[in-house]
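The values are calculated or read from the model by the stated rules, or taken from the named source; none is laboratory data. This is a predicted model, so every value here is computed, not measured. Ideal geometry is used to build each Cβ from the backbone, glycine not excepted, and the neighbour counts take in all protein chains shown. When the accessible area is computed, the model is the full protein with side chains, heavy atoms only, and any ligands, DNA or RNA have been set aside. Shrake-Rupley method; radii C 1.70, N 1.55, O 1.52, S 1.80 Å.
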Amino acid sequence: MKKNPVKDPSRENGEVTADADINKYVLKLYVADMTPGSVRAIANAKHICEENLAGCYRLEVIDLYQQPHLAKDEQITAVPALIKTLPLPVRRVVGDLSDAVRVLAGLDLPRKTT
Amino acid sequence: MAKPAHKSKPRAKPSTPPRQQLAKSPTGIPGLDEITGGGFPTGRTTLVCGGSGCGKTLLAMEFLVRGATQFDEPGVFMSFEETPRELNDNVASLGFDLQSLIRRKKLLFEYVYLERSEIEETGEFNLEGLFIRLAHAIESIGAKRVVIDTIESLFSGLPNPSILRAEIRRLFRWLKEKGVTAIVTGERGSETLTRQGLEEYVSDCVIMLDNRLHEQICLRRLRVVKYRGSTHGTNEYPFLIDEDGIAMMPITSIGLEQDISTQRVSTGVQRLDSMLGGKGYYRGSTVLVSGTAGTGKSTLGASFADAACRRGERAIIFSLEESPKQIIRNMRSAGIDLERWVRSGLLQFHSARPSMYGLETHLSLMQKAIHAFKPQAVVVDPLNSFVSGGNEIDVKALLMRLVDFMKCRQITGLFTSLTTAGTPIEHTDIAVSSIIDTWIVLRDIEYSGERTCAVYVLKSRGMAHSKQLRELLLTDKGVQLRDAYIGLGGVLTGTARSNQEAAERAEQLVLKQQMELGQQELATKRQILESQIAAMRAEFALREVASLKNTEQQRALETLATEQRKQMGRFRSADKLKLASSQRANPRKSK
């Protein structure tokens, strides 16, 4: 992963940053209905992102029951599914995201160090 | 698109019995609906399992395509393995125009892409995404039929089999609730029907496909392992995949309900007709001509086809050993001109080596040819070519189905069969005699350095046929039959027969001459006798005259003597006594 010295301090500061920074990590979480599993997945996703990608990510939660055609377009089979669309390559994990280490590894996201 | 060949085929639907039957969705696949008694269970899930390359995907696809085109039931094809493009290309060669069906919203592809390496499991999950996709697809075209091919791919594409199992179980329940008629395909496992034991979840109908090699030739078979709530054919049924998709041969289980004709058709050989009650074969009957090599089986077959064409009927000759040109040449030497019938479109040849295809393909090709050409006469020459390495049972099954197929269409079939030298004449490699109506046996007879051929009718159902042996001659005017010489020395044919006939003629000549001689002798004797009689008569007449004359003489002499005595008396003055007595004797004179 490319290191950008400009963005790193902004993330540390937790300030609202430029669009480029918000869109650095674009994640989509597909759930089906607000089942306990879905709710758990959403909470986990938010938590992981805040922990590791604070300030430079965008997380979109999509209920497939509202937009069923997306399931086909995005090739969703198992839910909950978290897809990292940016930066490329696209990576995905399934499950309720309770294992944060595997989520980060699976999506090839940087773990927050220090 | 459905092929006209199948559309026009009268489909033998089982007559609907009054009792409540399980609702069934016809597959439209020829033969399969007969076996399953009407199709797959409506609103339930059918498992189609089998090894790779045995036609699972094709069967499922055909179920959808035929459902969409023939029964107006739109279908969803959920594929885990092939992309819509691949599927489209794969089945285009079978004449299915998927693109058109998709455009008309009769068919919908749902390709599920799973890549194990791209998916990390991070906790509990379910397959709701799949359900949503399927539900969306079903609703968007109002699908009544669903195919999931191959659901077991989930196990290689997603982690955590225990979750998957639970989800698949839920999927089948869900499909049932949706009321769609579904086919789920599964790869065959080593000990179970499917690798993942799907048969545990699908318990309504299980179809097993098999694809096995026999003598380097592939045989495809289908079996209904289970069909809850319905009777079904339990055998293994052969099927094949040809350019029209799956075709199952209809079938031995159809039964024996053909119409029967009393019409007769000529055998093409006049004397043979007269041996068969004077009229030939029954129309729609099955004729077997068996015999050793070179006894004229093919020629009898060709004569039969020739006779059919002469009547203006169509005929097909399926030749498994000779090319059409060869047959035409050979038959021309026997005075049978087949070429003109080929040219006028009444005769078709289909030549194929038996090893070219499996039995099933042969059968199917024959049936297709018959279906397309609609002949009244069919010749298969020779039947035994099919036999190789102990598949007699299959050949018999093939023949039985071919016979049933032809009988249903009132086609007269003539099969030839080569009897191996040394085996009994009544023996055929395939024990087919029971399904044969008329059996003509040709046998060669070797006698005094000559080989001739005799023919007789071993059996002919429903007619009074000749039971005599005839000699068969292949002349340049076709097949001719002659009376065989049947004498004390057995049956004589060929020159032995003509020798015998000449000897007989000579004997008869001698006998005749002897008889004439005898008659002449008798006539002479009669003449002699008559002349003798005449001589004797003459002699007798002479004697008679002589004796008459003698009597007269005597009488005259007597009168003369009496006169003389009277005169003497008068001269000697005879005494009174004498006078009186003489007076008494002659009163006038005594006065």
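Table: residues versus (1) touching a Gly at 6+ places or on another chain (Cβ under 6 Å); (2) assigned by TED's automatic domain parsing to the domain that holds B:ARG173; (3) in a loop (DSSP other than H, G, I, E, B).
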{"site": "B:ILE102", "(1), (2), (3)": "no, yes, no"}
{"site": "B:GLU110", "(1), (2), (3)": "no, yes, no"}
{"site": "B:LEU130", "(1), (2), (3)": "no, yes, no"}
{"site": "B:LEU134", "(1), (2), (3)": "no, yes, no"}
{"site": "B:GLU139", "(1), (2), (3)": "no, yes, no"}
{"site": "B:ALA143", "(1), (2), (3)": "yes, yes, yes"}
{"site": "B:VAL146", "(1), (2), (3)": "no, yes, no"}
{"site": "B:ILE151", "(1), (2), (3)": "no, yes, yes"}
{"site": "B:LEU154", "(1), (2), (3)": "no, yes, no"}
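Taking the criterion of being outside any helix (DSSP H, G or I), within 14 Å of chain A (Cβ to nearest Cβ) and under 30 Å from B:ALA166 (Cβ atoms), would at least one residue in the range B:49-58 satisfy it?
Looking for residues that are outside any helix (DSSP H, G or I), within 14 Å of chain A (Cβ to nearest Cβ) and under 30 Å from B:ALA166 (Cβ atoms), one finds none in the range B:49-58, hence no.
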Worksheet item: Quick check, is B:PHE63 within 14 Å of another protein chain (Cβ to nearest Cβ), surrounded by 15 or more Cβ atoms within 10 Å (Cβ to Cβ), in contact with a strand residue (DSSP E or B) (Cβ under 9 Å, 6 or more places away or on another chain) and hydrophobic (A, V, I, L, M, F, W, C)?
Response: no
Worksheet, complete the sentence: Note: among A:ALA43, A:ALA18, just one is modelled with pLDDT of 85 or more, more than 10 Å from chain B (Cβ to nearest Cβ), farther than 30 Å from B:PHE80 by Cβ and open to solvent by 50 Å² or more (accessible area, probe 1.4 Å), namely A:ALA43
Discussion item. What's the total number of residues in the range B:324-372 that are open to solvent by 50 Å² or more (accessible area, probe 1.4 Å) and of a type in the set (A, V, I, L, M, F, W, C)?
Written reply: 4
Worksheet item: So which residues in the range A:58-94 are within 13 Å of the chain's Cα centre (by Cα) and at the interface with another protein chain (Cβ under 9 Å from one of its Cβ atoms)?
Response: A:PRO80, A:ALA81, A:LEU82, A:VAL90, A:ARG91, A:ARG92, A:VAL93, A:VAL94
Practice prompt. Confirm whether A:LEU29 is buried (at least 18 other Cβ atoms within 10 Å of the Cβ), in a strand (DSSP E or B), touching a Pro at 6+ places or on another chain (Cβ under 9 Å) and of a type in the set (A, V, I, L, M).
Written response: yes
Worksheet item: For the range B:110-163, how many residues are modelled with pLDDT under 85, crowded, with 22+ Cβ neighbours inside 10 Å and more than 8 Å from chain A (Cβ to nearest Cβ)?
Response: 3
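This table checks each residue for (1) at pLDDT 85 or above; (2) assigned by TED's automatic domain parsing to the domain that holds B:VAL380; (3) part of a loop (DSSP other than H, G, I, E, B); (4) open to solvent by 10 Å² or more (accessible area, probe 1.4 Å).
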{"site": "B:MET400", "(1), (2), (3), (4)": "no, yes, no, yes"}
{"site": "B:PHE405", "(1), (2), (3), (4)": "no, yes, no, yes"}
{"site": "B:LEU414", "(1), (2), (3), (4)": "yes, yes, no, no"}
{"site": "B:THR420", "(1), (2), (3), (4)": "no, yes, yes, yes"}
{"site": "B:ASP429", "(1), (2), (3), (4)": "no, yes, yes, yes"}
Worksheet entry | Subset tally (residues that are surrounded by fewer than 20 Cβ atoms within 10 Å (Cβ to Cβ), in contact with a helix residue (DSSP H, G or I) (Cβ under 7 Å, 6 or more places away or on another chain) and at the interface with chain B (Cβ under 9 Å from one of its Cβ atoms)) for the range A:95-114 | 2
